[in-house]
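Below is one structure, written out as structure tokens, with a few remarks after it.
The values are calculated or read from the model by the stated rules, or taken from the named source; none is laboratory data. Predicted model only: the values in this text are computed from it and were never measured. Cβ atoms come from the backbone with ideal geometry, glycine included; neighbour counts cover every protein chain shown. Surface areas here come from the heavy atoms of the whole protein model, side chains and all, with no ligands, DNA or RNA. Shrake-Rupley method; radii C 1.70, N 1.55, O 1.52, S 1.80 Å.
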Amino acid sequence: MAIQLPDLPYAKDALAPVISSNTLEFHYGKHHRAYVDNANKLIAGTDLANESLEAIIRKVTGDASKMGIFNNAAQVWNHSFYWQCMKPNGGGAPTGAIADKIKAAWGNFEKFAEEFINAGITQFGSGWAWLVSANGQIKITKTSNADTPIVHGLIPLLTVDVWEHAYYLDYQNRRPDYLTAFMEKLINWDFVNANLG
Ligand code: MN
């Protein structure tokens, strides 16, 4: 099979109580796994079967007849990236190169945090909020459903999943509380710095 479900970078209870083990049992163990299984079924026996995940996503984007492959493959990529954006006892103000870039772009971390959280709050329905890099500039963006910055010429640095399945068991309808907790307690800034390249 071309597409793999990567291991979580921490135990399922490692992010509790910010994100419970129950949420990760479903979100990683059921939702992410289903995207992997569905994508593999859809590419089986086709010329995409031996391509890398990123190559598959880039080849089918914009092709209405391959929307199912795009949706499942892009969701595999987005979730694999999202898990790495978090760690136990993470969050708060960044360090390293990303701290300087955020200060240059927004003036201070608090303003960045406010705008990133607001991007997540205002993504109507399902989707993702992102910090991305383009031509050396960093900016906040958001995508709907499975859409991913890698097909828009952008380099993802950080993401947060705002599909209801990401937070409903722990926060019900309180998406802003989930986003605030993500910012204050979960972000793995070492991963974000590594993505700056
Ligand atoms: Mn999700």
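The figures follow:
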{"read-out": "Lysine pairs with alpha-carbon atoms under 20 Å apart, the chain, spacing 8 or more or separate chains", "value": "16"}
{"read-out": "0 to 90° range, to nearest 10: angle between helix 33-43 axis and the chain longest Cα axis", "value": "40 degrees"}
{"read-out": "Helix 97-106 vs. the chain, principal-axis angle (Cα, 0 to 90°, nearest 10)", "value": "70 degrees"}
{"read-out": "Under-5 Å amide H pairs with Asn145, H placed in peptide plane, nonlocal only", "value": "Ser126, Gly127, Trp128"}
{"read-out": "Label-point separation, Ala104 to Leu196 (7 Å along Cα→Cβ), nm", "value": "0.9 nm"}
{"read-out": "For the chain, convex hull volume per residue from C-alpha positions, Å³", "value": "110 Å³"}
{"read-out": "From the C-alpha gyration tensor of the stretch 97-196, square roots of 5λ in Å", "value": "22, 16, 11"}
{"read-out": "Whole-percent carbon and sulfur share, accessible surface of the stretch 63-197, 1.4 Å", "value": "50 percent"}
{"read-out": "Residue-normalised accessible area of the chain, expressed per residue, 1.4 Å probe, Å²", "value": "47 Å²"}
{"read-out": "In degrees, nearest ten, helix 109-122 long axis to first principal axis of the chain (Cα)", "value": "40 degrees"}
{"read-out": "Spin-label pair Asp37/Asn50, simplified geometry with 7 Å Cα→Cβ offset, distance in nm", "value": "2.7 nm"}
{"read-out": "Full-stretch length increase - Glu25, Ala2 - with 0.36 nm per residue and alpha-carbon distance subtracted", "value": "5.9 nm"}
{"read-out": "Theoretical FRET efficiency, 1/(1+(r/R0)^6), r = Cβ-Cβ of Ser65 and His165, R0 25 Å, to 0.05", "value": "0.40"}
{"read-out": "Among Gln137, Gln75, Gln123: highest mean-square fluctuation, GNM of the chain, C-alpha pairs under 10 Å", "value": "Gln137"}
{"read-out": "√(5λ) per eigenvalue of the Cα gyration tensor, the stretch 21-84, largest first, Å", "value": "22, 12, 10"}
{"read-out": "Neighbour count of at most 15 Cβ within 10 Å plus DSSP loop: longest chymotrypsin sites (Phe, Trp or Tyr not before Pro)-free window in the chain", "value": "11-123"}
